Amino acid sequence: MTHHDWDHVHEAVKVVRAAWSGSPRIGLVLGTGLGALAGEIESAVVLPYPEIPHFPRSTSVGHAGRLVCGTLAGRSVMAMEGRFHLYEGYSAAQVTFPIRVMKEMGCELLIVSNACGGLNPQFRKGDLMVIEDHVNLLGVNPLIGPNDDRLGPRFPDMIEPYDRKLQDQALQVALEANIRAHRGVYVAVPGPNLETRAEYRFLRTIGADVVGMSTIPEVLVAVHAGLKVLGFSIVTDMCLPDALEPVNVEQIIAVANAAEPRLGAIVRGVLERLPA
């Protein structure tokens, strides 16, 4: 993050503020499994990414590419409908630029979601996982480069990247709604290929419960910026090396879509319980 990024953040914020007078408390990255929430945001102001200065353009299938600002569960939110992935060719700075904008707009909490492969044999396809911790195997970090102290500290602490109280709250909401949810460790790899059997064994050995290709860059920037973070994964396929089947993308999307109402219910429940 250089000084010129600071200017870019302010240019983007100016455009969002001109279009929307709200003061958001919560930023949402509506990855796989939370896309439908965008439609539930009330009195929404919708800004396509190309209209916001310095926002990357979305190339991913199933990602809309719009910033949706308004009210969800009675809370003022700004939501990214569609995220950016490193495998699309974006830099870590581009992927995380919207998080800087959320922080500058006044957000205090970031909620992220993703689709992932299940490594923990106790998990099942369609289960939800509250992210407790992560392992970054992306090989990149959005905080590399000169540090701008206005944005955050040079060496941010990762002792609790995902807020423990909010994890508990999410699991409590799931329990009360009779939704199957776990707590676990997310590992991110660059992709876009899926892993080999040997890689799945390796990832399980280093303590990961699920594997995906996103989320960690946004979380690193959120922690750097002083935001609280709550993260969710939808287990869209099982990656058990000794019972591996070829991936069917249509089936993965179907599992994610089926899980969407459950994940949406948990997020709404967590938002409703936040202190006003």
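Out of curiosity, is V68 over 25 Å from G191 (Cβ atoms) and either surrounded by fewer than 23 Cβ atoms within 10 Å (Cβ to Cβ) or out of contact with any His (no Cβ under 7 Å at 6 or more places or on another chain) (or both)? Yes; evaluated as a whole, the condition is true for this residue. Residues in region 57-87 that are farther than 24 Å from L151 by Cα, out of contact with any strand residue (DSSP E or B) (no Cβ under 8 Å at 6 or more places or on another chain) and modelled with pLDDT of 90 or more: A73, G74, Y87. Criterion applied to S214, S233 was being hydroxyl-bearing (S, T, Y) and in contact with a His (Cβ under 6 Å, 6 or more places away or on another chain), and the one residue passing it is S214.
Being in contact with a strand residue (DSSP E or B) (Cβ under 9 Å, 6 or more places away or on another chain) and not acidic (D, E) holds for only one residue in L109, L151, and it is L109. Regarding A36, is this residue touching a strand residue (DSSP E or B) at 6+ places or on another chain (Cβ under 9 Å), at pLDDT 85 or above and open to solvent by 30 Å² or more (accessible area, probe 1.4 Å)? Spelling it out, A36 is indeed touching a strand residue (DSSP E or B) at 6+ places or on another chain (Cβ under 9 Å), at pLDDT 85 or above and open to solvent by 30 Å² or more (accessible area, probe 1.4 Å).
For L119, the criteria (1) touching a Lys or Arg at 6+ places or on another chain (Cβ under 7 Å); (2) within 12 Å of G231 (Cα to Cα) hold in every case but one, which is (2). Those residues that are over 23 Å from V101 (Cα atoms) and assigned to a loop (DSSP other than H, G, I, E, B), I need them from region 139-167; list them, please. Once the filter is applied, which keeps residues that are over 23 Å from V101 (Cα atoms) and assigned to a loop (DSSP other than H, G, I, E, B), region 139-167 yields G139, I159. Restricting region 158-196 to residues that are free of Cβ contacts under 8 Å to residues at least 24 places away in the same chain and among the charged types (D, E, K, R) leaves a set whose member that is nearest to L86 (Cα to Cα) is E160.
Scanning region 151-180 for residues that are in contact with a helix residue (DSSP H, G or I) (Cβ under 7 Å, 6 or more places away or on another chain) and under 17 Å from H134 (Cα atoms) returns P156, M158, P161, L166. With respect to being more than 27 Å from R183 (Cα to Cα), open to solvent by 10 Å² or more (accessible area, probe 1.4 Å) and either part of a loop (DSSP other than H, G, I, E, B) or in contact with a Lys or Arg (Cβ under 7 Å, 6 or more places away or on another chain) (or both), S43 falls outside the description. Within region 1-33, the set of residues being open to solvent by less than 20 Å² (accessible area, probe 1.4 Å) and more than 14 Å from the chain's Cα centre (by Cα) comprises V9, A12, V13, V16, P24.
Selection of region 138-156 for residues being in contact (Cβ under 8 Å) with a residue 60 or more places away in the chain and either open to solvent by 60 Å² or more (accessible area, probe 1.4 Å) or more than 16 Å from the chain's Cα centre (by Cα) (or both) yields V140, L143, G145, P146, N147, D148, R150, L151, G152, P153, P156. State whether one or more residues within region 61-76 are in contact (Cβ under 8 Å) with a residue 60 or more places away in the chain and of a type in the set (V, I, T). Within region 61-76, none of the residues are in contact (Cβ under 8 Å) with a residue 60 or more places away in the chain and of a type in the set (V, I, T).
Scanning region 72-112 for residues that are polar (S, T, N, Q) and more than 10 Å from P217 (Cβ to Cβ) turns up just one, S76. Within region 158-197, restricting attention to residues that are among the small types (G, A, S) and over 27 Å from A225 (Cα atoms), the residue that is nearest to the chain's Cα centre (by Cα) is A181.
The values are calculated or read from the model by the stated rules, or taken from the named source; none is laboratory data. As the structure is a prediction and not an experimental result, all values here were calculated from the model. Backbone-built Cβ (ideal geometry, glycine too); neighbour counts: all protein chains shown. Areas reflect the complete protein model, heavy atoms only, side chains present, ligands, DNA and RNA absent. Shrake-Rupley method; radii C 1.70, N 1.55, O 1.52, S 1.80 Å.
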